[in-house]
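Working notes for the structure below.
The values are calculated or read from the model by the stated rules, or taken from the named source; none is laboratory data. Computed from a predicted structure; not experimentally measured. Here the Cβ is made from the backbone with ideal geometry for all residues, glycine too, and neighbour counts use every protein chain on show. The area values use the complete protein model at the heavy-atom level, side chains included, leaving out ligands, DNA and RNA. Shrake-Rupley method; radii C 1.70, N 1.55, O 1.52, S 1.80 Å.
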Amino acid sequence: MKKQAKKHTNDVILESATSFITFIIFLFAVYLFFAGHYTPGGGFIGGLVTSSALVLILLAYDIKTLRRILPFDYKWITALGMLIAVLTASGALVFNVPFFTHAHDYFNLPLFGKTSLHTAMLFDLGVYLVVVGVTMTIIQTIGESD
Amino acid sequence: MSVMHGAILLPILISLFIPLLAKRIPTIHTGWFVLVVPVLLVSYFSRFLPGTMSGETYTARMPWLPSLGIDFVTYLDGLGLLFALLITGIGSLVVLYSIFYLDAKKESLGTFYVYLLMFMTAMLGVVLSDNMVVLYLFWELTSISSFLLIAYWYERERSRYGAQKSMLITVFGGLAMLGGIAILSTLSGSLSIRETYASLASIQGEPFFTVALVLFLLAAFTKSAQFPFHIWLPDAMEAPTPVSAYLHSATMVKAGLYLVARFSPIFADESLWFYLVSSVGIFTLFWGSLNAVKQHDLKGILAYSTISQLGLIMSLLGLGAAALHVDVLDDGLYTIATVAAIFHLINHATFKGSLFMMAGIVDHETGTRDIRKLGGLAQLMPISMTIAMIGTLSMAGIPPFNGFLSKEMFLTGVLEVSGSDLFNLPSYGWIIPVLAVVGSIFTFVYSILIVRKTFFGKRQDDQLPKTPHEAPIGMLIPPLVLVSLVVIIGLFPNLLSNTLIRPAVEAILPQVVDAGGKIDVHITMWHGFKLEFFLTLLIFTVGFILYKTLPRWQSLYNRMPRAISLNHQYDALLRRGEQTSTRIHDTVMTGYMRSYLVYIFGFIVILILTALYGFDAFRFAVDPISSIHAYEIILALVLVSSALSITFARSRLTSIILLGVTGYTVALFFVLFRAPDLALTQLVIETVSVALFLLVFYRLPEISRKEERIPFKLGNALISALVGLTVTLVALASLSQRSFASIAKYYIDNVADLAAGGNMVNVILVDFRGFDTLFEIAVLALAGIGIFTMIKFRRTGGMDK
């Protein structure tokens, strides 16, 4: 129990590495999330990778620092994710098609060129947020319980 | 999605915002916002009146699960519209009443109105759905919202008891109906009520048809509190009075009547239907009125009175089925029972609604509903007394109020059927009018009782918790509106005959309409000196005598042995059920994770091995197995040895590391077998879970393996070996016999076309099997919340000693 009291490890190499590695992991997570529809990736993996980035911050610093950087209540993020997922699924009902019918089309966006946009992506965003929310809720509550 | 769907779902959608409103704008009573909803709906539904009067019906379809034939199809005809208007009309009055009844400071209004609006949607859904599964869904939603409303004051033990009772009984009936729906739709091949009716000729002779009939009636009887299922309704009176007025007298309990009316076209040809519906109804009328007299609680009297009145309407619906069994259709004699049923249903909603509100006013202003403590309130509460007078006189069937008219028609209907020679009835057909008359006599007695004991006699101010005075005007308006309806309908009954009654009756008896029979609804106050008239005189005289002599025979009620009372039986059944489940629980749920794992794995092994044996599936072909590379063997060896070593690990750190090794090895297998998505997920999960372990590492107790005996270890080893063996067998068996084409082909062909995606795994996750994913993330979210609350509770000392 004594070791636990010493929260801050003060590991300079880990800390400075973390500060830019986190960004890389996070960008990779974003890439995975968007790439999901065509190559390996998607909301679930993207969410897990994002939380692994957050866990890295947590290990290098401590829970309070993570809290300061990202002052979210992760339970709300879980709820937001569920809401987005359910609303995407039920949005189909407004257009008189069965629950969970997805729609997609191609658009010419500036910078990206011809891009396909899916409602499946919105649903995936819900999955992403739930995964991040749940993992971080669990890790934070366990980490904080002392 | 049409406007009608919107109208049905409007209340439940609005209810999402109610807690927010209640929290943010506490200065204004939330009820004022809620009131808008039913008022809007009343005006929406009344626009259909001219249409249904000329026999039109309105349908709209919203696909839901088209592949299973389950679509949200709304169907509005005369019957549906009548109920929709009742639900929204009485709903508006009840919400207005509740604004003054429920104190904004003391009560949690947010939850109350959420439940109420939820109920409104459920009820509208029941009466406007054509698809039976959708009907069932809304049906159970009425049970659930009723449960929540009865338990609104959940700190009270009686409220919880009443809520549980109503839930157990009505949900039991609902499940019976689900069985009936399954049978009926299997027979007819359709879930639509109208289509089932259309294919009636081909399904009527089927042996299971009568089973479905009985199952549907179970649902209707439990919901409408018919004998012997009526015991839940008096206990439901623990709900706040606006709820009693709304759910337990005017709308929800009438859902059972609606069900009987709606399915009459399908079932009424069976003589069993006629017998069951009319006899259960008439006995409920008799039993309810008999028991109402012995109650001391105002709401208790009204509850039993509601039971008996529901029985009256139920019996009329049953008797109305006789119309289908006689050839002479045009004289309208047999349809009169159905007309009377619908007419009395409307009348009952008006007078019973106002009486419940009156009871609420008395309770609110005096602090008690016990008629032994009340008395002499006439001078203090003249308006409430007027309401009570009109309501009870109508209920007792005294002219010129509307209850008189429908009761006369009830007697006509009863006499008509008992005098006919249907189904060899005359031999004991006399029972029906006798029970009807006796029930009516007791109705007369308790009607006088309510007014007399509450408003006349001696005042007992020392008995009352509060100083009585007249209620605020807002609380009086809703019952006043209802009693004015009582008077207006009583004086001008034919306002309703063509607008509401005839369209509804035509919907109940389409066979009569199809055969060219005319349904002629003309209600008159004076029939001439016929048998009905003399029966009414008899009811009044005997009722009056019985009332005068009440103290002398009231003790007879105590003679009934408690052991045979239905409530006693119910309680005993519940207690036995609880004891048995506690016993089972205590032996099975040991609280050790390892016991549960033993159950789970043992069950899986038994199930799969039996299935494999039963289907003679122990077949293994080696040729479809592709060649095995050396590095695969090495990986497999690493996997097996790390898994084995976990069982021998002495420290937790070693276990964690070895577990990590197995995880990463599996991920490597995924890479080798070209499943990058899985590999990626597995790798990240391994990483995150190792981090999690690190976080909790110091807090875990040391591994102690001392208390584990050898037999225990051997047992575990046996089970794990069996699980491994089973999985291997399944894998080999599934490899060697391919009965079906692989489903992968479908996805390979359609991923690009249907979902415009490239990554099959992800497209399956979010599109083809999106429902799975939705529930998976729901489970994930639940797990997260579960862990959060468990740990938080432990920290605050909520759970830990």
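When B:PHE492, A:PHE44, B:PHE274, A:PHE99 are compared by accessible surface with a 1.4 Å probe, the order from highest to lowest is B:PHE492, A:PHE44, A:PHE99, B:PHE274. Within the same chain, aspartates and glutamates fewer than 8 places from B:LYS223 are excluded, and of the rest, those with a Cα less than 17 Å from its Cα are B:GLU140, B:ASP235. Checked against a 31 Å cut-off, the cross-linked pairs B:LYS254/B:LYS518; B:LYS299/B:LYS407; A:LYS75/A:LYS114; B:LYS407/B:LYS453 give Cα-Cα distances beyond that limit for A:LYS75/A:LYS114. Give me the base-10 log of I(q)/I(0) for region B:507-556 at each q in 0.24 Å⁻¹, Debye formula, one uniform scatterer per Cα, rounded to two decimals. The computed values of log10 I(q)/I(0) come out as -0.90. One quarter of the surface of the convex hull around the alpha-carbon atoms of region B:229-366 equals 8.3 nm², the direction-averaged projected area.
Computed over the alpha-carbon atoms, region B:1-70 gives an Rg to Rh ratio of 1.12, Rh here being the Kirkwood radius from the mean inverse distance. With a 10 Å cut-off around each Cβ of A:128-141, the average count of Cβ atoms from other chains is 5. In the frame of its principal axes, region B:92-190 has Cα extents of 55, 29, 17 Å, reported largest first.
If you plug the beta carbon distance of B:ASN567 and A:PHE28 into 1/(1 + (r/R0)^6) with R0 = 60 Å, you get a FRET efficiency near 0.35. At a temperature of 20 °C and a viscosity of 1.002 mPa s, determine how fast region B:219-300 diffuses translationally according to Stokes-Einstein, using the Kirkwood radius over alpha-carbon pairs as Rh; express D in µm²/s, rounded to the nearest whole number. It diffuses with D of about 157 µm²/s by this estimate.
Ligands, DNA and RNA left out, the 1.4 Å accessible surface of chain B is 68% carbon and sulfur atoms. Model label points for B:TYR592 and B:LYS105, set 7 angstrom from Cα along the Cα-to-Cβ axis, are 5.8 nm apart. Between helix A:43-60 and chain A there is an angle of about 20 degrees, using the helix long axis and the longest principal axis of the Cα atoms. For the peptides B:95-105, B:663-673, the ranking by mean Cβ contacts within 10 Å, running from highest to lowest, is B:95-105, B:663-673.
Across region B:100-106, rounded Karplus estimates of 3J(HN,Hα) from the backbone phi angles (6.51 cos²θ - 1.76 cosθ + 1.60, θ = phi - 60°) give 8, 7, 9, 6, 4, 7, 8 Hz, Gly and Pro being marked x. When you restrict to C-alpha pairs under 8 Å that are six or more residues apart and normalise by the size of chain A, the relative contact order lands at 26 percent.
Net length available on complete extension from B:SER742 to B:SER46 is 245.0 nm, with 0.36 nm assigned per residue and the Cα-Cα distance removed. Using a probe of 1.4 angstrom and keeping all protein chains present, the accessible surface of chain B works out to 46 square angstrom per residue.
For region B:177-268, the pair-distance distribution built from all alpha carbon pairs, in bins 10 Å wide starting at 0, is 17, 42, 24, 14, 3 percent.
In the distance distribution for region B:437-555, Cα-Cα pairs more than 20 Å apart total 69 percent. A viscosity of 0.890 mPa s and a temperature of 25 °C, combined with the Kirkwood radius over Cα pairs in Stokes-Einstein, give a translational diffusion coefficient for chain A of 143 µm²/s.
Here the scattering of region A:77-120 is modelled by Debye summation over its C-alpha atoms, one equal scatterer each and no solvent; at q = 0.14, 0.16, 0.24, 0.32 Å⁻¹ the log10 of I(q)/I(0) is -0.45, -0.56, -0.81, -0.99. Annotation for B:ASP772 and B:ASP623: the two label points, set 7 Å from Cα along the Cα-Cβ direction, are 3.2 nm apart. One compactness figure for chain B is 1.17, namely its Cα radius of gyration divided by 2.2 N^0.38 Å.
From its DSSP helices (H runs of at least four residues, each -39,500 (n - 2.57)), chain B gives a residue-normalised ellipticity at 222 nm of -23000 deg cm²/dmol. Diffusion coefficient of region B:566-680 by Stokes-Einstein, Kirkwood radius over Cα pairs, 25 °C, 0.890 mPa s: 126 µm²/s.
With 0.36 nm allotted per residue and the present C-alpha distance subtracted, the B:SER199-B:ILE606 stretch has 142.0 nm of extension available. Put a dot 7 Å past the Cα of B:GLU157, heading toward its Cβ, do the same for B:SER581, and the two dots end up 2.0 nm apart. Under the combined filter of DSSP loop state and at most 10 neighbouring Cβ atoms within 10 Å, region B:15-99 retains these trypsin sites (Lys or Arg not before Pro): B:ARG47. Considered as an equivalent ellipsoid built on the Cα gyration tensor, region B:579-640 has semi-axes of 39, 21, 5 Å, the largest given first. Between the alpha-carbon centres of region B:335-397 and region B:4-54 there is a gap of 27 Å.
Scaling the Cα radius of gyration of region B:720-790 by the globular reference 2.2 N^0.38 Å produces a ratio of 1.61. Note on region B:437-480 and region A:62-141: Cα centroid distance 58 Å, given to the nearest whole angstrom. With contacts taken as Cα pairs under 8 Å and at least 6 residues apart, chain B reaches a relative contact order of 10 percent. Over region B:349-464, all Cα pairs binned in 10 Å intervals from 0 give whole-percent P(r) values of 13, 36, 24, 15, 9, 2, listed from short to long.
Computed about its Cα centre, the charge dipole of chain A is approximately 360 debye, with only Lys, Arg, Asp and Glu carrying charge at their Cβ.
Every helix of 4 or more DSSP H residues in chain A counts as -39500 (n - 2.57), and over all residues that averages to -23000 deg cm²/dmol at 222 nm.
Take region B:298-397, compute every pairwise Cα distance, and split them into 5 Å bins from 0; I just need the percent in each bin. Per 5 Å bin, starting at zero, the Cα-Cα P(r) for region B:298-397 comes out as 3, 12, 19, 18, 13, 10, 8, 6, 5, 3, 2, 0 percent. For region B:529-607 and region B:192-217, what is the separation of their C-alpha centers, rounded to whole Å? If you average the Cα positions of each part, the centres end up 31 Å apart. Buried between B and A is an accessible area of approximately 4300 Å², summed over both sides with a 1.4 Å probe.
Taking the alpha carbon gyration tensor of the protein assembly as shown, multiplying each eigenvalue by 5 and rooting it gives semi-axes of 62, 33, 29 Å, largest first.
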